[in-house]
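K.L.:
Could you have a look at this structure, given as structure tokens, before my questions?
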Amino acid sequence: MKTIFDPAIREELTLRVEALDENNKALWGKMNVFQMARHCSIWNEWVLGKSNISSKQGLLGKIFGQFALRCNTKDDKPLGKNTPTGKAFTVKQKKGDLNAEKKILIHLITDFENFSNDEFFHDFFGKMTREQIGIFAYKHSDHHLRQFNV
């Protein structure tokens, strides 16, 4: 399965991020291309342990989180369209410097080479193994890059 811990996969994601421009329109969802890039940066910072976003698991996560995690990391099936986003990862700012945000996102993707946040706790899924983190981090990036047709 594809994982963000694979150097070739990180390179693939980097090339896809580099291909983004202001003309990319969403195939689904409400975000524009800048908001998507910023969302992915915020999310990756969280997974890498570079932010203070809370990882408190809600009741639905406690009930269904591990089941959903297994379903989302058992094969290479992409994440579904219109999956809800947590409030901490919603980007309200509509405009910004897309090129600067792409550089930040690429740097964060590269940082997975030295991933050391093995105690990462997802706010819905709960505790994740390193393997699950790698698979899901790839799928999250892929989901949003497909959303903008790159």
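K.L.:
In the list Leu79, Leu59, which residue meets the criterion of being in contact (Cβ under 8 Å) with a residue 12 or more places away in the chain and not hydroxyl-bearing (Ser, Thr, Tyr)?
P.N.:
Leu79
K.L.:
Let me ask something else. Could you tell me whether Trp28 is surrounded by 15 or more Cβ atoms within 10 Å (Cβ to Cβ) and either closer than 25 Å to Phe124 by Cα or not charged (D, E, K, R) (or both)?
P.N.:
Judged against the criteria, Trp28 is not a match.
K.L.:
Can you find even one residue in segment 73-87 that is within 17 Å of the chain's Cα centre (by Cα), outside any loop (DSSP other than H, G, I, E, B) and farther than 17 Å from Ala137 by Cα?
P.N.:
Yes, segment 73-87 contains at least one residue that is within 17 Å of the chain's Cα centre (by Cα), outside any loop (DSSP other than H, G, I, E, B) and farther than 17 Å from Ala137 by Cα.
K.L.:
Let me confirm something: among Lys87, Lys127, which residue is in contact with a Phe, Trp or Tyr (Cβ under 7 Å, 6 or more places away or on another chain) and on the phi < 0 side of the Ramachandran plot?
P.N.:
Lys127
K.L.:
Also, I was wondering about something else. Among the residues of segment 96-119, write down those that are more than 18 Å from His39 (Cβ to Cβ) and aromatic (Phe, Trp, Tyr).
P.N.:
Phe115
Every residue, every condition in (1) touching a residue at least 40 places away in the same chain (Cβ under 8 Å); (2) under 14 Å from the mean Cα position of the chain (by Cα), yes or no:
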| residue | (1), (2) |
| --- | --- |
| Gly96 | yes, no |
| Asn99 | no, no |
| His143 | yes, yes |
| Gln147 | yes, yes |
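K.L.:
What number of residues in segment 53-67 are among the aliphatic types (A, V, I, L, M), assigned to a loop (DSSP other than H, G, I, E, B) and farther than 20 Å from Ser141 by Cβ?
P.N.:
0
K.L.:
Residues to consider are Arg146, Arg70; find the one that is farther than 25 Å from Gln35 by Cβ and part of a helix (DSSP H, G or I).
P.N.:
From the options Arg146, Arg70, the qualifying one is Arg70.
K.L.:
If we keep just the residues of segment 1-50 that are hydrophobic (A, V, I, L, M, F, W, C), part of a loop (DSSP other than H, G, I, E, B) and under 22 Å from Asn149 (Cβ atoms), which is nearest to the chain's Cα centre (by Cα)?
P.N.:
Filtering first and then ranking leaves Ile4.
None of the figures in this text is laboratory data; all of them are computed from the coordinates on show. Bear in mind the structure is a predicted one, so any value in this text is a computation, not a measurement. Every residue, glycine as well, gets a Cβ built from its backbone with ideal geometry; the counts of neighbours run over all protein chains shown.
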